[in-house]
Amino acid sequence: MPDFSLYPDMSLTGTPFLCTLAVLAVVALGLPLLLWTRVRGPRAVRAVTRVTMLLFAQLTAVTLVFTLVNNSNQLYDSWSDLLGTGDHVVHAADLGADGTGGVVLERLPKVRQTFRPAAGPGMRAAGGVRVTRMTGRVSGVKAEVYVWLPPQYDDPAWADHEFPVVELLQGYPGSAKAWFGTLDVHEQLMPLMRDGTIAPFVLVAPRTALVPGADTGCANLPGRVNAESWLGIDVPRMVIDNFRVRSTPRGWSVAGYSAGGHCATRLAVAHPDRFGAAVSLSGYNDPAVERASLTGRDPALRAANDPLRMLREAAAPPRISLYLSGQEKDGYEDAMALGRAARTPTSVQVVKLPRSAGGHTMALWRPQVVPAFRWLTGELGGHRTADGTPTPP
């Protein structure tokens, strides 16, 4: 198979590849119209030639439609993601119950990352998204992380301000770019951050598709992947080392849709010492809902990674806030179950979406971005505006 990484202009989500497919589709449609009656040779040869032209036309049409759908929903970011050949795990040691492997996190030296402008649909809007590729010092994961800074970040009036962070998790399959390229999170929020309606959050979108052809469930699985430590330790520490952000749990939240919503809830319930709030859009509790989930295949892992069961069996109710939205039979019932299981200081807000709002798609989740961030603004609170007044909830 060709190494498409050597031809960045022909990347899966690149414009040149899309244009090439469009041209091929037109050519494939025109060939039978022009050559159908002009094919020469024995009957068998003519039949094979005509069938080949029809198959070529169908193949290019299907490929073009798939590419358009993929670009619109940011399902696969690269050829390796699509073909299941990418593996972002350097090593996956047994890190123990706390996911640190005995490492004293406070003693880890700061690591400065080099960021570059991110490419792709929507990535240059609203001030632009930047990207870096890092290797987790605890998790052993090597992958990219996208970061967007709010408009106040470089404002001299905010020079001493530490900003709250929202870690954004995509569904499965899905690209870390989807929050910016499809949900337009930065474009939706930037004007509201400017006028003080919504607090200025730093947005961080790490890769969650770490192993070929499987959803990690954002869990640590010794010998396979340490996704929980990647998302809960390595990514936050990198952001804290490189940006002017808060380091306390009330300064960090996590949000996701679909499988990413499951991960967001699970991470917050498991680590109230790291995340103070979570947003789940059409998420679920039982990891087996996602057929490709590694944690859903084993009964013990399935039970251990169900946020409802985790909440019920917690030694003490975690000090977290949850915002859970969904439609009937698509997240709503699971959200209500979490709400019934919650005990103070755990707080749960459930939003029921009407069936008319759409199905389990980006079109359903895009309009939920602003309400979710309004809620986060109220929950994390205490964010001053440039003139010193509190940001309104």
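Things worth noting here:
- Residue in the stretch 282-308 that is farthest from Arg355 (Cα to Cα), counting only those that are basic (Lys, Arg) and free of Cβ contacts under 8 Å to residues at least 12 places away in the same chain: Arg297
- Taking first residues from the stretch 354-366 that are over 16 Å from Tyr172 (Cα atoms) and partners that are among the aromatic types (Phe, Trp, Tyr) and modelled with pLDDT under 90, no Cβ contact under 9 Å between residues at least 6 apart in sequence or on separate chains turns up.
- Residue tally, condition within 47 Å of the chain's Cα centre (by Cα) and of a type outside the set (Val, Ile, Thr), over the stretch 36-54: 3
- Test: residue in the stretch 357-379 that is outside any strand (DSSP E or B), within 30 Å of Ala97 (Cβ to Cβ), modelled with pLDDT of 95 or more and within 23 Å of the chain's Cα centre (by Cα): yes
- Filtered residues of the stretch 154-174 (kept if of a type in the set (D, E, K, R) and either surrounded by 19 or more Cβ atoms within 10 Å (Cβ to Cβ) or touching a Cys at 6+ places or on another chain (Cβ under 6 Å) (or both)): Glu167
- Leading residue by the ranking (surrounded by the fewest Cβ atoms within 10 Å (Cβ to Cβ)) among those in the stretch 13-36 that are in a helix (DSSP H, G or I) and of a type in the set (Ser, Thr, Tyr): Thr15
- Within this structure, Thr377 fails the test of being exposed (fewer than 14 other Cβ atoms within 10 Å of the Cβ) and among the β-branched types (Val, Ile, Thr).
- Here is the figure for the stretch 108-121: residues that are part of a strand (DSSP E or B) and of a type in the set (D, E, K, R) total 1.
- For the stretch 354-371, taking the residues that are of a type outside the set (A, V, I, L, M, F, W, C) and under 13 Å from Ala178 (Cβ atoms), the one that is surrounded by the most Cβ atoms within 10 Å (Cβ to Cβ) is identified as Arg366.
- Of the residues screened, Val104 is not one that is outside the structural domain of Arg237 (by TED's automatic domain parsing), surrounded by fewer than 14 Cβ atoms within 10 Å (Cβ to Cβ) and modelled with pLDDT of 80 or more.
- For the stretch 122-234, the strands (runs of 3 or more DSSP E) that sit wholly inside it and include 1 or more residues that are within 13 Å of the chain's Cα centre (by Cα) are 142-148, 165-169, 202-206.
The values are calculated or read from the model by the stated rules, or taken from the named source; none is laboratory data. Note that the coordinates shown come from a computational prediction; the quantities given were computed from them, not determined experimentally. As a convention, Cβ positions derive from the backbone with ideal geometry for all residues, glycine included, and neighbour counts pool all protein chains shown.
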